[in-house]
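The values are calculated or read from the model by the stated rules, or taken from the named source; none is laboratory data. In this text the structure is predicted, and so the values were computed from the model without any measurement. Glycine gets a Cβ as well: all are built from the backbone with ideal geometry, and neighbour counts include every protein chain shown.
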């Protein structure tokens, strides 16, 4: 299937396809972290993310989280919309936070594969900062914002309720 041509007014019209290609190092990083090795006898793949998380609790998850952030730099250079980059950051945060839970987090890291998800987001949205984000992108970002607001508001509301109870 032939890719539609960019209008002449587009800043990307003159850019060769290779200028919009995701760098090979980013693909390798995603693969190494999320699926470099096949588990013998299964269709499943495992990468360094769950392995480092299991071998170096907390430190391994922090290290792979920092490595995952480099995909955000790629997204920025590839002109990925800000909302999609926010979703990528949420994927990294979820992976790092839940991955830090001993044993359960390692299983989560094995299944979630944040770097593969983020690489796919870059591929889908690269090169067109005006491309609209999908409803699922908006839903994920909105849900995380609501959860963050709830995490801040709930303790405040409970504190006010407790204060009223004490004062009455």
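See the values below:
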{"item": "Condition met for residue 32 (surrounded by 14 or more Cβ atoms within 10 Å (Cβ to Cβ), at pLDDT 85 or above and not in a helix (DSSP H, G or I))", "result": "no"}
{"item": "Top-ranked residue of the stretch 102-152 - restricted to ones that are buried (at least 16 other Cβ atoms within 10 Å of the Cβ) and over 25 Å from residue 28 (Cα atoms), ranked as modelled with the lowest pLDDT", "result": "133"}
{"item": "Selection from the stretch 87-101 of residues that are surrounded by fewer than 17 Cβ atoms within 10 Å (Cβ to Cβ) and part of a loop (DSSP other than H, G, I, E, B)", "result": "101"}
{"item": "Of residues in the stretch 73-92 being under 10 Å from the mean Cα position of the chain (by Cα) and without any contact (Cβ under 8 Å) to a residue 24 or more places away in the chain, the one nearest to residue 134 (Cα to Cα)", "result": "85"}
{"item": "Contacts under 8 angstrom Cβ, first residue in the stretch 47-65 being under 19 Å from residue 89 (Cα atoms) and outside the structural domain of residue 100 (by TED's automatic domain parsing), partner part of a helix (DSSP H, G or I) and at pLDDT below 85, 6 or more apart", "result": "none"}
{"item": "The listed residue being within 27 Å of residue 124 (Cα to Cα) and not in a helix (DSSP H, G or I), out of 73, 66, 84, 80", "result": "80"}
{"item": "Flag for residue 26 being at pLDDT 90 or above and closer than 30 Å to residue 145 by Cβ", "result": "yes"}
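Residue by residue, here is whether (1) under 20 Å from residue 119 (Cβ atoms); (2) modelled with pLDDT of 90 or more holds:
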{"position": "41", "(1), (2)": "no, yes"}
{"position": "47", "(1), (2)": "yes, yes"}
{"position": "66", "(1), (2)": "yes, no"}
{"position": "72", "(1), (2)": "yes, no"}
{"position": "82", "(1), (2)": "yes, no"}
